[in-house]
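The values are calculated or read from the model by the stated rules, or taken from the named source; none is laboratory data. Bear in mind the structure is a predicted one, so any value in this text is a computation, not a measurement. All Cβ positions, glycine included, derive from the backbone under ideal geometry; neighbour counts span all protein chains shown.
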Amino acid sequence: MPSTRDPDALLRLVVQILDRARSDQGITQYELGHLSGITQSTVSKYFRLELRLNFSQFVALCWALDLKPGRVVDEAESMLDTA
């Protein structure tokens, strides 16, 4: 049976998790950009959902925040399931 889940909703939750982790760690968007190799402008656009986060940049952001990408997705799916 086809899934009725919304991948865009999952992406929004993933971005929220990343931004919350950044904020909780006291890291600015500029610092996160430097740590991940992504410009601050692009990081900002991801967090404002103006750009779609691709897989390699998702992983780079996770690693820069010392997060495991699979766990971030799992947490977002869990949030989606309870919404």
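What the table shows:
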{"item": "Test: residue in segment 10-20 that is in a loop (DSSP other than H, G, I, E, B) and either touching a Ser or Thr at 6+ places or on another chain (Cβ under 6 Å) or touching a residue at least 12 places away in the same chain (Cβ under 8 Å) (or both)", "result": "no"}
{"item": "Scan of segment 25-83 for residues that are among the acidic types (Asp, Glu) and either in a helix (DSSP H, G or I) or farther than 19 Å from Asp8 by Cβ (or both), ordered by number", "result": "Glu31, Asp66, Asp74, Glu75, Glu77, Asp81"}
{"item": "Among (1) touching a helix residue (DSSP H, G or I) at 6+ places or on another chain (Cβ under 8 Å); (2) over 26 Å from Arg5 (Cβ atoms) - the single one Ser23 does not satisfy", "result": "(1)"}
{"item": "Of the criteria (1) over 21 Å from Ser78 (Cα atoms); (2) touching a helix residue (DSSP H, G or I) at 6+ places or on another chain (Cβ under 6 Å), which one Phe47 fails", "result": "(1)"}
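Yes/no per residue for (1) at pLDDT below 95; (2) out of contact with any Ser or Thr (no Cβ under 6 Å at 6 or more places or on another chain); (3) not charged (D, E, K, R):
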residue	(1), (2), (3)
Gln25	no, yes, yes
Gln29	no, no, yes
Leu32	no, yes, yes
Ser36	no, yes, yes
Gln40	no, yes, yes
Val43	no, yes, yes
Gln57	no, yes, yes
Leu65	no, yes, yes
Lys68	no, yes, no
